[in-house]
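Every number in this text was worked out from the coordinates using simple rules, so none of it is lab data. Since the model is a prediction, treat every value here as computed from it, not as a measurement. Glycine gets a Cβ as well: all are built from the backbone with ideal geometry, and neighbour counts include every protein chain shown.
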Amino acid sequence: MSLITKDLLINLLFTILPLFLVQMIYFAKYSYRFENFKKRTFAIFPIVSLILCMIFPVDTGPYYVWDLRWIPFILGWLYGGYKLGIPLLFLMLVIRFWLNGDNGFYI
């Protein structure tokens, strides 16, 4: 298996695993007891998924880094609305600047 495929599958795992965990918590038998916990997990899982996708990118060349950061961003925006989407956007921009500096950082 090539390194590109391995890195892409890892990014896909980081994207899909939090979705499964959110669904498991949401459909728990006694979910009415976890109302405040459910609201925080809907925020925590996309944030963790976004950070992990950006830390472990698919490295295809010396000046080209590719990752799946847009998938957790869009899913977090759809699940959490603008209250989660705006902090996700800000976090994505800060982490992108922190990891690569001015290289590849566009507003």
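What is the spin-label model distance, in nm, from Ile25 to Leu12 if the labels are put 7 Å beyond Cα along the C-beta direction?
2.5
Sum up the charges of everything whose Cβ sits under 14 Å from the Cβ of Leu12, counting Lys and Arg as +1 and Asp and Glu as -1, but leave Leu12 out.
Result for the local shell: 0.
Which whole-Hz couplings ³J(HN,Hα) result when phi for each residue of segment 6-15 is put into the Karplus expression 6.51 cos²θ - 1.76 cosθ + 1.60, θ = phi - 60°, listed in order with x for Gly and Pro?
Running phi through 6.51 cos²θ - 1.76 cosθ + 1.60 with θ = phi - 60° gives 5, 5, 5, 5, 5, 4, 5, 4, 5, 7 Hz.
By how many nm would the segment from Tyr64 to Ala43 lengthen if fully extended, with 0.36 nm per residue of separation less the alpha-carbon distance?
The span from Tyr64 to Ala43 would gain 4.6 nm if fully extended.
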